[in-house]
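The values are calculated or read from the model by the stated rules, or taken from the named source; none is laboratory data. These numbers were taken from a predicted model, which means no experiment stands behind them. Here the Cβ is made from the backbone with ideal geometry for all residues, glycine too, and neighbour counts use every protein chain on show. Keep in mind that these areas ignore ligands, DNA and RNA; they rest on the heavy atoms of the full protein, side chains included. Shrake-Rupley method; radii C 1.70, N 1.55, O 1.52, S 1.80 Å.
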Amino acid sequence: MKHLISIESLQKDQIQNILDRAKYYRDAMIDGKWDRKKLEGKIVLTLFFENSTRTLTSFDIAAKRLGADVVNWNAEVSSLKKDETFSDTIDTLSAMEPDAIVIRHHEYGAPDFVSKRVNCPVINAGDSWREHPTQALLDAVTILQEKETLEGLTVSICGDVAHSRVANSNAKLLTTMGANVRFVAPEMLMPQKLPAKGIECFDTLEDGIKDADIVMMLRIQKERMDRSEIPDDAAYFNKYGLTPERLKHAKPDAFILHPGPANRGVEISDEVMDDPTRSMMKRQVANGVPTRMAVLDMLMEN
Amino acid sequence: MKHLISIESLQKDQIQNILDRAKYYRDAMIDGKWDRKKLEGKIVLTLFFENSTRTLTSFDIAAKRLGADVVNWNAEVSSLKKDETFSDTIDTLSAMEPDAIVIRHHEYGAPDFVSKRVNCPVINAGDSWREHPTQALLDAVTILQEKETLEGLTVSICGDVAHSRVANSNAKLLTTMGANVRFVAPEMLMPQKLPAKGIECFDTLEDGIKDADIVMMLRIQKERMDRSEIPDDAAYFNKYGLTPERLKHAKPDAFILHPGPANRGVEISDEVMDDPTRSMMKRQVANGVPTRMAVLDMLMEN
Amino acid sequence: MKHLISIESLQKDQIQNILDRAKYYRDAMIDGKWDRKKLEGKIVLTLFFENSTRTLTSFDIAAKRLGADVVNWNAEVSSLKKDETFSDTIDTLSAMEPDAIVIRHHEYGAPDFVSKRVNCPVINAGDSWREHPTQALLDAVTILQEKETLEGLTVSICGDVAHSRVANSNAKLLTTMGANVRFVAPEMLMPQKLPAKGIECFDTLEDGIKDADIVMMLRIQKERMDRSEIPDDAAYFNKYGLTPERLKHAKPDAFILHPGPANRGVEISDEVMDDPTRSMMKRQVANGVPTRMAVLDMLMEN
């Protein structure tokens, strides 16, 4: 594995290796014992072409926990503003020989394009609505804190599935690992083409989460509502918001995931979100750091 | 001491301990001898919700002088822009397990609120008009370079006292340490409620700094003038600007402090500001680094 | 050498020393063997008053390759916005005692001004249209990868010479080192006063690059065209764009330099820019890192 561009390009054993390494770092951090100089003298260059602080901060902390230096390149004030082409910008940054590049880009395929032009590992921190591989990995790490295996689990991914890179990467990872994946969304927010085989589709939350082991809620973006049959926040919440009552349709020990930031009272109620026995949101964020440490470590160790 | 949220919450001996440690670091830096790896492997997360480069840079340098890594979180491009609640943002960042958080926020009480939600030390880098504890500490360190003790000194805090977190934190620290504090301001800029007992109030600079040991000038903000009886810069300078003539009312060896950035020709004349025998402004900034090193060290050493 | 403010202020042997050290670091980085802790515990403060990511990132990486910490001060959110004077801002930052300052400023002389107020080495990362010394140094390093010596080489600097700090610094360095320098530009973009003795001026690209060893193309800025006799991109390219045909006027083994970012199809054609046997653009960027390591090392080692 030279880069981490997509879940789609990973084999089952590669995914398992990353999950194992992530679990190793999670446990090591609890004990306070890991090699804090593993990446000493290495430079991780972050290229974020979309605003993000959550994912950027998580990668920044992960890299520094392994002793790497981080250089944050700011797209806003860059030569791209001077009409430099994207490939010339990438060639320029590559010539400075960073030891790894972490990229987020609004266009599909940008991380893959970059990986073919540079001499260092490239990690996709989210591109378009297609892939966000480290999010799917950290979600799997989180599920595996509570469940023995992903195999045979029923995972319902609910909300704006069509525009969600989180949904796409998760659907691919989970089906590869043997879980049963459901998509739950109003018609306008359901993808036209499913990212993996065997995905079942539902248009009501009640049916979609029935007997599910994991309910993964997605952020709904207001600009998306206008174009669906759902006119506003309250209407969305009425039909697709996850409340304690609706959650009863899932298995009694079902857990809730959400990639954040959440819209309280839109896709999820305060009661569900703030219930520490059901909501895994804080753990997802916490697991993001060791998961990204695992990826940085595995790609940069040579 | 788990956090540094306010001067108000500190006992006299706690203040003294910080001042002693700050002095230790100031002297150690002059000799070039201190433990540059004291905080190696630790991550300080800075959360600045108000623009500031002076205080942010000072904390950034202080943390790095002790070997810590610094992650600067940028409020401008954060999930808050995506309508995430403040507490959800804090919970997210806390889940990433930084080793300390340095926060500046325009709302009163935000640092205290954060300290109750997270598992690491929280340092208030300025909240609303209420507290800026590290500024008051570095001011005390600066005064103590010239004076044996704070006890019995007369310190006149002059200008826009009502809106100044610097004035508030200083008034509390100085009265706790036994100094006599005066507030000098036009009526509209005098606080309705005094932050500590024993503060004397004056509405002319001449009376207010009479026989003072220390004259602390505050930055006047133009938008504040409109709402006071003072119509413009020149009028303010005429009445409240510190000139060499007015300074004669203070003790012959009185020193001038100003938290910066200063408005030359508004609250202070060029002559006073640039007189190295009277103005301590550069020393204040210089002392900011060892003072913040002391705070970081004391809070993070366990 | 205490600071690096300009090429103009350097003697020939000082330039040679920097070039030698840059070459040392370039070779050491290829072998992966250099002192990665040379500047451990030192803080490099970057002050960029003009947007730049290329030069800033290059300095950032260079400093970290030597183990230094980097503090990026952001002019956009600084006290300058609160009407603090430039000299007060500099005094404040200087009081925080960084170990070196790297400054880019739109006003001529700002780096020199700063160097006289602070107690640490100051490196000019570009000021106005006058000097960009590290660019000229890295260009010389790049030329010397292919040519034995700068002495006697003919170097044609082409395009918007009048407004280019790159042209100015290069002309000074190259003439000091014994090269023959030509300026090639339409009249409106030719400087009124030449920066060094012996520079020959041409107003057609064909004549200007005749038998040249090195052709250095400059970025043309669109706002400049309006004021020259050249109305638009296509007209500029027709007359001054470097194409494979025009390049035939230079020596058969002539190399192309460009400081970037390039305007493809304006000052340079895709064919020339993307020809790895002629274009040295990626090498220039790559050499930027060891050149800046050399400068940081030489100025900060004491």
Within the range A:230-243, considering residues that are modelled with pLDDT under 90 and in a loop (DSSP other than H, G, I, E, B), the one farthest from the chain's Cα centre (by Cα): A:PRO231
Evaluation of C:GLY109 against (1) touching a His at 6+ places or on another chain (Cβ under 9 Å); (2) at positive phi (one fails), failing number: (1)
Elements of type strands (runs of 3 or more DSSP E) contained in the range B:116-229, each with 3 or more residues being in contact with a Lys or Arg (Cβ under 9 Å, 6 or more places away or on another chain) and surrounded by fewer than 24 Cβ atoms within 10 Å (Cβ to Cβ): B:200-202
Residue check, A:ARG283 open to solvent by 50 Å² or more (accessible area, probe 1.4 Å), within 14 Å of another protein chain (Cβ to nearest Cβ) and under 15 Å from the mean Cα position of the chain (by Cα): yes
Subset tally (residues that are more than 10 Å from chain A (Cβ to nearest Cβ), open to solvent by 10 Å² or more (accessible area, probe 1.4 Å) and at negative phi) for the range C:40-54: 3
Residue ID - nearest to the other protein chains (Cβ to nearest Cβ), chosen from residues in the range C:95-112 that are out of contact with any helix residue (DSSP H, G or I) (no Cβ under 8 Å at 6 or more places or on another chain) and either buried (at least 19 other Cβ atoms within 10 Å of the Cβ) or farther than 23 Å from C:ILE18 by Cβ (or both): C:HIS106
Boolean, C:MET298 is at pLDDT 95 or above, farther than 23 Å from C:ASP211 by Cα and open to solvent by 30 Å² or more (accessible area, probe 1.4 Å): yes
Residue check, C:PRO276 in contact (Cβ under 8 Å) with a residue 24 or more places away in the chain, within 14 Å of chain A (Cβ to nearest Cβ) and not in a helix (DSSP H, G or I): no
Some residue of the range B:244-264 being touching a His at 6+ places or on another chain (Cβ under 9 Å) and either part of a strand (DSSP E or B) or modelled with pLDDT under 95 (or both): no
Every residue from the range A:56-66 that is more than 8 Å from chain B (Cβ to nearest Cβ) and open to solvent by 10 Å² or more (accessible area, probe 1.4 Å): A:LEU56
